[in-house]
Amino acid sequence: MSALTYKKNDDIESGSLDKMTVFQDCMSGFNASPIMPKKCRLLLSKLAHLLSSGETFPADEATALFFSVTKLFQHKDPSLRQMVYVVIKELAPIANDVIMVTSSIMKDVQGSNELIYKPNAIRALCRIIDGSIVQGIERLMKTAIVDKNPSISSAALVSSYQLLPIAKDTVRRWANETQECVVAQKSFPPGALLGNYHIGVSTLSQYHALGLLYQIRAHDRMALMKMVQQLSGPSTSLKSSNAIIMLIRFISRIISDDQNLRAPLYVLLENWLRHKSDMVNLEAAKIILNIKGISEEEATPAVNVLQQFLSSPRTVYRFAAIRAFSKFAMVQPVLISHCNIEIENLLSDTNRSIATYAITTLLQTGNETSVDRLLTQINGFMNDISDDFKIIIIEAVRSLALKFPTKHVAMLKFLADCLRDEGGIKVKTTIVESIFDMIKYVPDSKDEALGHLCEFIEDCEFTDITVRVLHMLGVEGPATSEPTMYIRYIYNRVVLENAVIRASAVSALAKFALTDDKEVRDSVVVLLRRCLEDVTDEVRDRAAVYLKVIGLDKQVAESYINPGKDYSLPVLEQELAQYVSGDREQFSTPFDMSTIPQITEEQAKANDFKIKSKANHEPEAAKADIAKEQMERALKEELTQQTYASTLASIAQFTDYGKILNSSKIVQLSESETEFVVSAVKHLFKDHLVIQYDINNTLKDTILEDVSVISIPDNEDIVEEFIIPIDTLSVESAGTVYVSFVRPTGEYPVTGFENNLKFTLKEIDPSSGEPEEDGFEDEYQIESLSLSASDYMIPTYAGSFVHQWDELRFDETFSIRIDAADLQEACTYLIETLNMMPLESSDVPVSTSQNTLKLFGKTVDGVKTVVQIRMIYSASNGVAIKIHTRAQEEAASALVIETFTN
């Protein structure tokens, strides 16, 4: 490459700057004498471009550059000085000893009369100082905040944001000056120009001041409410539209934190719907529609405002309005349906993003007769929009398919066309998930949907999706009228695809061998034998195992090929790690898989559902942490259950009880400050109940002997069998007492237990340190313990509440009133009391006055139970609830009602 070509490419516009070349040019240019302003400005621009585009310099190089840049302070060129401050701010975090340039910057902050110097100097100063120096510039910053020049004031306010993490207490003392800046009117000096326009009054500093004031007062709810009331009144001096929008967002946070403040704050939001600024109108309407549990009456004014923006000539307003409608239509589609005429006009909008949101909204608000017309209009622009918007439309179609199952033919045709079009893995995955849902919840669509999936995997380039489709074909294909058609498509994957897909295809083929048709089973055996010659070990091994299993009894074969349960992988991993890391002697004993708990596919989905539903109601920044926390908690619970099982199995008296069906959470039966700290765990077996009492002796000069717990149940059906006491409980030590009861099989008695701690107390002789020979018997009363529905019930996920409800026939109803501050608190109480899984997001009330909570679970004996609870809230009477439950057995249905009647 010639030097001429190299220099031509070494330009900011070309984007091909060489870091080392720029470094060397800067070092020579900044240290040259005399200083050439034009050349140095160009070099500073290149350096700023590199730093802003992600390039970094080592600390020594950054330090050398930093102090070379500071030499340019000698020149008085305003444009050069401005670029110097820009680069200083970028280099400050990576260079060393930057605080040494403080004195040079302070000269411009304190004495400069140039408008362009002082704001930039303030910004640079706050980037290079540390917390110990902030107090030294406190007076200077206060003066700058209240400066009449809006550029200087805004620079000081924005810089205060940077100082909050390192000097929060100091910045909080600037609250009065910040408050003054919020209400003050600031003007640029006479003659100030912005391009060819004279600049007068500026309100931008109000926006910056309000943000800082919120950060200062965020910890004080009363001060925050006072600020909102002062700045939102009719006589407010808040003129900046940006500041008002920020204030609206602050109100939204306050409402989400405390629903009791919703009523007075809603009035403020409604007033802003009539503000002269369109930005404020849009933001107020969007926030109103985002309020959790907003009623139709409260949402109507916001909907009317947004409806007017749908016909706005400005693209950005139309986009903001239709996006808000698209989101709100998921909550209250009926209210949005009144705007369908204006929304349909947006289908032909030149902006494809607006048209996409329009069609999504219509899909959510439309009726069954409009489905075909909407799908036809969608096909017209699917190829012209991005993958993100395709996913939005496909999700809307999926919801519509479940809402109007009779239109499944048109829906499937649309989804199949989308599968054939170009798209990334996220788009294809969303389409496949939609088809899976139709197979599950719309039985009439199964054969056609499976056919579309078979055609799709013929040309699918994504291994993960192909594997999932093959699994679905293996699960649903054997039950269809023509299973051989799917066998052909599956075996094609064995011949044509990679090793991962071939292994999945072998597993899918094996499932067809479980059918009663001998011809189909023989065909599968022939195909599996061909797989024994595959070049991949995994494929060969799977084929060999399945061929061996198919020859066994059908029930045994099904337990291997299509198991209903799978091992808990976290527990299996931990047990294997302990087995491998132990002594070599233990390798003589085979690893015992029977100790690993098994979970069903429904339980696995329930765990995923819990994590996702929790994360969906939290801010985006916290979702990853919530999911991680939930996974760790689930793992901890599984390990705890495993510990209980292994401990009880090691006790001879419990060896004949069988497997633990359920273990409760730890229940504290005494205060942590008392002499004896007692907690309990309830373990349910098929015919027995074992209560584990963990006792901690906190006394320093006393030991306990023959420690037992006298537990008396209120229900005569539960009979005490035996007690395993603690022989000796020494000073400041813990032990466990077990009390075993016989419980009726197949029944779920609800009862309470009166508990008394019984022991022989012996004091320790201070001289010898030995306990006295003769003690005295004593009793210590502890809290009672209850056995309720939560102990018999296991939360379980179900895809369709209506399907489960219609399937079960033993039902019970009961009405009661509970004390709760709102419906959300009532939902939480009912879920914890019954220990059941909320379905269809019914645990998040969409109204403040009424809600229907839908719960599903299985008893410890595997009996399905569904509960529908209708709730009505009033401030004077609390929450009135009507419980309607259905179950596979009458005892399970009665269990739910008995929990509230006892």
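Observations
- If the condition is being of a type outside the set (A, V, I, L, M, F, W, C) and assigned to a helix (DSSP H, G or I), then the stretch 781-822 contributes 790, 791, 792, 803, 804, 806, 807.
- Filter result (out of contact with any helix residue (DSSP H, G or I) (no Cβ under 6 Å at 6 or more places or on another chain) and among the hydrophobic types (A, V, I, L, M, F, W, C)) within the stretch 881-895: 881, 883, 891, 892, 894
- Test result for residue 720, closer than 23 Å to residue 654 by Cβ, in contact with a Phe, Trp or Tyr (Cβ under 6 Å, 6 or more places away or on another chain) and not assigned by TED's automatic domain parsing to the domain that holds residue 829: yes
- Being of a type outside the set (Phe, Trp, Tyr) and closer than 15 Å to residue 209 by Cα is a property that residue 154 has.
- All helices (runs of 4 or more DSSP H) inside the stretch 304-355 with 3 or more residues being modelled with pLDDT of 90 or more, more than 19 Å from residue 374 (Cα to Cα) and outside the structural domain of residue 840 (by TED's automatic domain parsing): 315-328
- So residue 484, is it part of a helix (DSSP H, G or I) and surrounded by fewer than 22 Cβ atoms within 10 Å (Cβ to Cβ): yes
- Selected residue (only one of 523, 559 is surrounded by 15 or more Cβ atoms within 10 Å (Cβ to Cβ), part of a helix (DSSP H, G or I), among the polar types (S, T, N, Q) and without any contact (Cβ under 8 Å) to a residue 60 or more places away in the chain): 523
- Search result, residues across the stretch 204-236 that are in contact with a Leu (Cβ under 8 Å, 6 or more places away or on another chain) and farther than 18 Å from residue 156 by Cβ: 217, 218, 225, 227, 228, 231, 232
- Residue in the stretch 869-883 that is basic (Lys, Arg) and buried (at least 16 other Cβ atoms within 10 Å of the Cβ) present: no
- Filtered residue count, the stretch 310-354, keeping only those that are among the basic types (Lys, Arg) and within 18 Å of residue 366 (Cα to Cα): 2
- Residue within the stretch 461-476 that is over 33 Å from the mean Cα position of the chain (by Cα) and within 30 Å of residue 526 (Cβ to Cβ) present: no
- Of all residues in the stretch 162-186, those satisfying the criterion of being under 23 Å from residue 231 (Cα atoms), modelled with pLDDT under 85 and surrounded by fewer than 20 Cβ atoms within 10 Å (Cβ to Cβ) are 183, 184, 185.
- Note on the stretch 495-506: residues that are in contact (Cβ under 8 Å) with a residue 40 or more places away in the chain and either among the charged types (D, E, K, R) or surrounded by fewer than 23 Cβ atoms within 10 Å (Cβ to Cβ) (or both) total 1.
- Residues of the stretch 727-745 satisfying the condition of being surrounded by 14 or more Cβ atoms within 10 Å (Cβ to Cβ) and more than 45 Å from the chain's Cα centre (by Cα): 728, 729, 730, 731
- Test: residue in the stretch 847-867 that is within 26 Å of the chain's Cα centre (by Cα), within 21 Å of residue 332 (Cβ to Cβ) and in contact (Cβ under 8 Å) with a residue 60 or more places away in the chain: yes
- Pairs where the first residue, in the stretch 50-65, is farther than 18 Å from residue 84 by Cα and the second is in a helix (DSSP H, G or I), C-beta under 6 Å, 6+ apart: 55/19
- Candidates 697, 616, filtered to the one that is surrounded by 18 or more Cβ atoms within 10 Å (Cβ to Cβ), of a type outside the set (Phe, Trp, Tyr) and at pLDDT below 85: 697
- Counting residues in the stretch 283-295 that are surrounded by fewer than 19 Cβ atoms within 10 Å (Cβ to Cβ), closer than 22 Å to residue 228 by Cβ and acidic (Asp, Glu) gives zero.
- Subset of the stretch 823-873 [β-branched (Val, Ile, Thr), within 24 Å of residue 808 (Cβ to Cβ) and in a loop (DSSP other than H, G, I, E, B)]: 860, 863
- Test set (1) surrounded by fewer than 18 Cβ atoms within 10 Å (Cβ to Cβ); (2) within 30 Å of residue 862 (Cβ to Cβ); (3) among the charged types (D, E, K, R) - residue 779 fails condition number: (2)
- Only one of 757, 834 that is farther than 30 Å from residue 705 by Cα, crowded, with 20+ Cβ neighbours inside 10 Å and either modelled with pLDDT of 85 or more or among the acidic types (Asp, Glu) (or both): 834
- Any hit, the stretch 350-359, residues being in contact with a Ser or Thr (Cβ under 6 Å, 6 or more places away or on another chain) and of a type in the set (Val, Ile, Thr): no
The values are calculated or read from the model by the stated rules, or taken from the named source; none is laboratory data. Predicted model only: the values in this text are computed from it and were never measured. All Cβ positions, even for glycine, are placed from backbone atoms using ideal geometry, and neighbour counts span all protein chains on display.
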